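Step one of this worksheet: look at the structure below.
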Amino acid sequence: MSKRVTIDALADWLKARDDFVLLGHVAPDGDAAGCCLGACLALRALGKRAVACLPGGVPLLYAGLPGAGEALDIEQVSPGMLPFEPKAALALDVSELPRLGEAGQALFEACPERAALDHHATNPGFGDVCALDGEAAAAGEMVVELIDALGVQLTREMGECLFVAISTDCGQFSYSNTRPETFRAAARCVEAGIDVAAITERLYRTRTVGRTKLLGLTLAGLELSPDGKLAWARLTEDMLREAGAIREDKEGIVNYLQEMSGVRISVLAEERGEETKFSLRTRAPLNVARDVAVPLGGGGHDCAAGLTLAMPLEPALAKVLAVAREAIEKV
Ligand code: AMP
Ligand code: MN
Ligand code: MN
């Protein structure tokens, strides 16, 4: 059984331990990567040993963040290859154990002591202790609080990682999850001396040719239901090759579907070998986590959720569209 704890209690738990491995979810986003890197710097500032491990490593988009060069790809390192034997694990921005990926979950479970910090409302609670805040816009918001509770000074390096975590998860302070605490946490990062213009230029106003071409190919195949309320598109492995893109380049494409006027639910189906990964978006009062992702074995937030089906793209897409259609008709 996992014990729900406050951020202060999690800070005490961390202070009493050493030799940490910090873990994020598969296909790490800005929040997962930023939290692992930021928390790693904070624990080191306390004199602890800590290493950040992400499935697939730090995505290219975030490779310039402080400490990214020392982070490990959990899918490439065996536990014996870690710089020290971890005694405690901390999962950040991970909504449930399987989201750590196979290797991450194995490492987490092999650690003698385990904790989690997360902001997904669907999180059932895992680890020995678990700090959850379903209202936080990003796990990064909670990590800023954690750093204060640890009594560590928030440095520019930590601030850079956590600003990226926060601003990516709240759509640059525009989604409905953005709350006063989101701005306050971000303001702390700015006060720590980060270069907001340089960071946001890299994140939001620069994209590779491959990413741009993949966006074009994906949107060219866009489909809509006759009433225009359901939008979907396919992203195949052939399209990745044709665009010269990498997996992480699909990030954000689903938003273009959701941003079309009249669309209530949008679905991006991504071919991954024999499996298909789905990104789902909606707007309140609809809830894609509860009504589409969770019933099909996935999870996420009310308006942004995902799932993976062990089926080829076409039958998997038909299944997800049927459930999404029902969710639209329900309201
Ligand atoms: P994405 O569409 O990949 O950006 O994911 C949107 C949200 O859904 C993220 O916050 C993820 O935490 C969540 N999510 C995505 N895929 C899954 C999955 N297979 N299982 C549970 N949650 C997921
Ligand atoms: Mn995330
Ligand atoms: Mn998050």
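Observations
- Subtracting the Cα-Cα distance of GLU251 and VAL190 from 0.36 nm times their residue separation leaves 19.4 nm of extension gain.
- Mean separation of Cα pairs under 8 Å and 6 or more residues apart, divided by the residue count, gives the stretch 215-331 a relative contact order of 21 percent.
- Here the stretch 13-58 exposes an accessible surface that is 49 percent carbon and sulfur, computed with a 1.4 Å probe and the other protein chains kept in place.
- Charge context of VAL294, other residues only, Cβ under 12 angstrom, K/R +1, D/E -1: -2
- 20 Å cut-off, amide nitrogen to a point 7 angstrom out along LYS319 Cα→Cβ, residues in the stretch 265-292: 266-281, 288-292
- Highest-fluctuation residue, VAL254, VAL294, VAL51 considered, GNM on the chain with Cα pairs under 10 Å: VAL294
- Anisotropy class of the stretch 209-330 from Cα gyration tensor, a/c 1.5 cut: prolate
- For the stretch 209-330, the solvent-accessible area of protein heavy atoms averages 46 Å² per residue (probe radius 1.4 Å; ligands and nucleic acids excluded).
- Each Cα pair under 8 Å and six or more residues apart adds its separation to the average, and for the chain the resulting relative contact order is 14 percent.
- Solvent-accessible area, 1.4 Å probe, carbon plus sulfur percent, for the stretch 209-330: 54 percent
- Solvent-accessible heavy-atom area per residue, rounded to whole Å², over the stretch 51-208 at 1.4 Å: 42 Å²
- Loop-resident sites, the stretch 89-195, for GluC sites (Glu not before Pro), counting at most 15 other Cβ within 10 Å (DSSP): GLU135
- Links that overshoot a 26 Å alpha carbon limit, given the list LYS277/LYS330; LYS213/LYS319; LYS48/LYS277; LYS3/LYS277: LYS213/LYS319; LYS48/LYS277; LYS3/LYS277
- Listed residues LEU65, LEU203, LEU54, most fluctuating in the chain (Gaussian network, C-alpha, under 10 Å): LEU203
- Ranked packing of 305-312, 25-32, most packed first, by mean Cβ within 10 Å: 25-32, 305-312
- As a length-normalised measure over Cα pairs under 8 Å and 6 or more apart, the relative contact order of the stretch 1-82 settles at 27 percent.
- In the stretch 207-268, the GluC sites (Glu not before Pro) that fall in loop regions by DSSP, at most 11 other Cβ within 10 Å: GLU259
- Each Lys or Arg adds one and each Asp or Glu takes one away; over the other residues whose Cβ falls under 12 Å from the Cβ of THR6, this sums to -2.
The values are calculated or read from the model by the stated rules, or taken from the named source; none is laboratory data. Because the structure is a prediction, the values reported are computed rather than measured. We place every Cβ from the backbone using ideal geometry, glycine too, and count neighbours over all the protein chains shown. Heavy atoms of the whole protein, side chains included, go into the accessibility calculation; ligands, DNA and RNA do not. Shrake-Rupley method; radii C 1.70, N 1.55, O 1.52, S 1.80 Å.
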